[in-house]
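The values are calculated or read from the model by the stated rules, or taken from the named source; none is laboratory data. Just so it is clear, the model here is predicted, and its values are computed rather than measured. Cβ: placed from backbone, ideal geometry, glycine included. Neighbour counts: every protein chain shown.
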Amino acid sequence: MHDFGYIEKGKQASLSDVRLWHRILRHSRGFRRAIAIAVVLSLGVTGATLALPYLLKSGIDSYITAPDLAEAARISGLVTTALHFGLLVVLGFALTFIQVVLLEWVGQSVMHRIRQDLFAHILDLDLAFLNSQPTGRLVTRLTNDVQNMHEMFTSVLVTLFNDILRLAGILVVLLLINFRLGLVMSLFIPVALLLTVVFARLAREKFRAIRSQLSRLNSYTQEAVSGIAIIQLFGRQLRAAERFAGLSAEYLARTLSQIRLFGAFMPLTELLSSMAIALILWYGGAQVIDRTLTIGEMVAFLAYMRLFFQPLRELSQKYSIVQSALASAERIFATLDTKAALIDPPNPRQLTAPAGRLSFNDLSFSYEPNQPVLVDFTLCIEPGEIIAVVGATGSGKSTLINLLLRFYEPQRGTIKIDDVDIAELRVRQLRRIVGVILQDVFILKDTLLANIVMDTGCSREDVEAVLEQTGMTRFVAKLPAGLDTMLGEGGRDLSTGEKQLLSFARVLCRDPAILVLDEATASIDSETESILEEAIARSFEGRTSIIIAHRLSTVRRADRIVVMENGRIIEQGSPEILFAADGHYSRLLRLDLLDGRTPLITTSTPDDQRQTEFSSRPSSSRRLPPATQD
């Protein structure tokens with residue numbers, strides 16, 4: 001079974017981690033005045049809350065139980081006390097409302113800033129790091145982890161500050177009202193705090209166990225839903241349902257364990273609160289009888305003790321929220337601390353009008369130690385030349401493009417454009433010089449025009465000119481609103497061929513000096529094949545072009561074919577020469593034919609139509625050894 005609990009692994013964040021708190025608070029720069037106002041409002045809210053029981057004491061002692069006081073004076077005094085009580089309630093509500101709105105604004109703004117910084121940083125990270133991350137981890141950083149921090153900012157930190165102020169204020173007021181009874185009541189504080197700390201630690205472990213299991217459940221759900229066609233194809237519905245049921249049952253068990261813990265803690269705090277009230281009634285009642293304590297003071301004591309235990313009931317939950325938020329902050333900052341391996345040179349070179357001469361010089365590269373993908377690879381491509389790179393899967397073809405675009409850096413060797421090392425160019429300029437058309441096309445949920453323009457700065461007229469030059473106007477004319485057609489998520493409204501046409505238009509709007517097709521013509525539907533063929537032919541004109549071919553039927557227009565195996569060039573030459581040589585390329589081509597494909601080799605003629613077609617004898621007379629795999 002896969003371990004899907006990676007989100008919850010790692011060092012447990014500590015409440016006493018000053019460095020972590022400093023980094024969290026550093027992101028609140030620019031909002032410190034608002035936070036200071038929220039703290040002052042906390043003082044006002046606490047003051048209003050603590051004043052309410054004292055008003056009850058004054059009303060009882062001064063007007064209800066006061067001897068020798070006229071009835072009118074009693075009523076007048078009670079009305080005044082009630083008005084003061086109501087005003088304090090309204091004031092507390094108003095201050096709390098302003099505080100909540102202010103803190104929500106601060107929390108949302110700070111999280112917006114963190115989310116933006118994190119997303120921008122992730123966009124700059126190299127593919128080596130991004131490919132090493134499990135599916136969903138970075139999304140979790142941007143969503144769940146940021147939300148956890150927001151919850152701590154808005155619903156915990158200042159309310160926790162309010163609670164601490166309230167507890168300290170209640171203790172002071174109790175001692176001022178009646179020192180002896182206040183001292184007796186203070187004995188409950190260490191017991192309550194010990195109970196809360198023990199519960200918080202147990203709750204933290206329960207919470208982590210639930211988060212870990214929920215992560216496994218969500219990950220398996222994502223895995224199963226994305227592969228549901230395979231599950232149905234191989235009849236694994238029952239086994240998939242059983243595994244899901246097992247994960248869900250474990251999640252239920254862990255959740256019920258946490259519920260039992262909460263179910264035990266709440267009655268315990270209520271029991272402690274009731275014991276405190278019982279003690280007040282017994283000890284305080286005796287003082288009332290001895291006239292050393294007034295009835296109003298006793299009522300105030302009862303009210304203050306109810307206020308005292310209320311934040312203690314919530315403290316454990318807030319502790320879990322803070323702990324979860326600190327763990328999320330640890331993960332967010334760990335991602336932000338990940339350095340991008342790819343940086344622009346301090347003094348970049350400029351290629352104002354690149355001719356497109358491309359050279360790979362003694363390249364060596366491996367994704368994993370002791371597993372070379374390219375070994376001493378050297379290749380020179382002249383301006384305007386069309387090169388096809390073929391070979392078995394894993395021979396290193398696509399790795400060449402990853403290195404050319406600087407998604408990865410070679411361990412040895414250089415890549416040069418017009419004799420300038422690409423490491424001396426800004427990455428942005430390099431990726432404008434080299435245009436890549438991939439088999440899988442990324443499509444935004446936006447208009448066709450926006451999907452083509454991207455960040456090139458092309459005008460609508462420029463796009464229309466590119467479409468006209470490449471013969472793709474027929475493709476646009478079929479769409480309901482032309483260039484203004486709104487595309488669905490992932491381009492679900494387009495066929496595979498139409499997506500490829502969009503990709504061609506997108507790249508050609510950048511007018512790259514070097515064009516790369518990484519199996520860009522695979523899985524093309526017949527409806528758009530003729531348009532795509534015309535677009536390919538015109539896009540090659542005046543450009544250095546590289547065709548990365550996994551199927552040999554896509555290399556017909558190449559001036560030169562480079563055959564790779566195990567990260568090395570083993571053959572290169574024109575299609576006709578390589579086929580006549582009856583070497584590795586010829587063997588791959590015959591295997592391609594036996595697979596049911598019909599690759600044709602085109603020689604250069606004025607009408608670009610003359611083709612050399614290979615005869616197809618019965619497969620029994622053409623038994624060949626399989627192609628060598630990495």
*Of the numbered conditions (1) more than 24 Å from F153 (Cβ to Cβ); (2) touching a Lys or Arg at 6+ places or on another chain (Cβ under 8 Å), L78 satisfies every one except a single condition; which is it?*
(2)
_Quick check on my filter: what residues within segment 478-516 are of a type in the set (A, V, I, L, M) and at pLDDT below 90?_
L479, A481, L483, M486, L487, L494, L501, L502, A505, V507, L508
*Might you check whether a residue that is exposed (fewer than 13 other Cβ atoms within 10 Å of the Cβ), in the same structural domain as E297 (by the TED database) and hydrophobic (A, V, I, L, M, F, W, C) occurs anywhere in segment 54-72?*
yes
*State whether the residues of segment 59-76 include one that is assigned to a helix (DSSP H, G or I), of a type in the set (S, T, N, Q) and within 19 Å of I295 (Cα to Cα).*
yes
*Determine whether segment 267-278 contains at least one residue that is more than 30 Å from I60 (Cα to Cα) and surrounded by 18 or more Cβ atoms within 10 Å (Cβ to Cβ).*
no
*Which residues, counting only those in segment 1-54, are under 24 Å from S215 (Cβ atoms), assigned to a helix (DSSP H, G or I) and at pLDDT 65 or above?*
L20, I24
*If you check L358, L312, L307, L326, which single one turns out to be within 32 Å of the chain's Cα centre (by Cα) and of a type outside the set (F, W, Y)?*
L326
*Considering only segment 190-206, state which residues are modelled with pLDDT of 80 or more and over 13 Å from T269 (Cβ atoms).*
P190, L202, K206
*Quick one: S366 ticks every box in (1) over 29 Å from L589 (Cα atoms); (2) modelled with pLDDT of 90 or more bar one, so which box is it?*
(1)
*asked:* Yes or no: segment 480-487 includes at least one residue that is touching a residue at least 40 places away in the same chain (Cβ under 8 Å) and under 22 Å from S545 (Cβ atoms).
replied: no
*Please work out if S328 is among the small types (G, A, S), surrounded by 15 or more Cβ atoms within 10 Å (Cβ to Cβ) and in contact with a strand residue (DSSP E or B) (Cβ under 6 Å, 6 or more places away or on another chain).*
no
*Just wondering, is there one or more residues in segment 185-201 that are closer than 19 Å to L272 by Cβ, over 22 Å from the mean Cα position of the chain (by Cα) and not in a helix (DSSP H, G or I)?*
yes
*Only one residue in D124, D163, D145 is farther than 30 Å from P410 by Cα, in the same structural domain as A38 (by the TED database) and out of contact with any Pro (no Cβ under 8 Å at 6 or more places or on another chain). Which one?*
D145
*asked:* Which pairs turn up if I take residues in segment 228-247 that are within 22 Å of S215 (Cα to Cα) and without any contact (Cβ under 8 Å) to a residue 40 or more places away in the chain and look for partners that are of a type in the set (K, R) and in a helix (DSSP H, G or I) with beta carbon separation below 6 Å, at least 6 apart in sequence or on another chain?
replied: L247/R216
_Can you go through S274, S359 and tell me which one is more than 30 Å from V184 (Cα to Cα), modelled with pLDDT of 85 or more and of a type outside the set (A, V, I, L, M, F, W, C)?_
S359
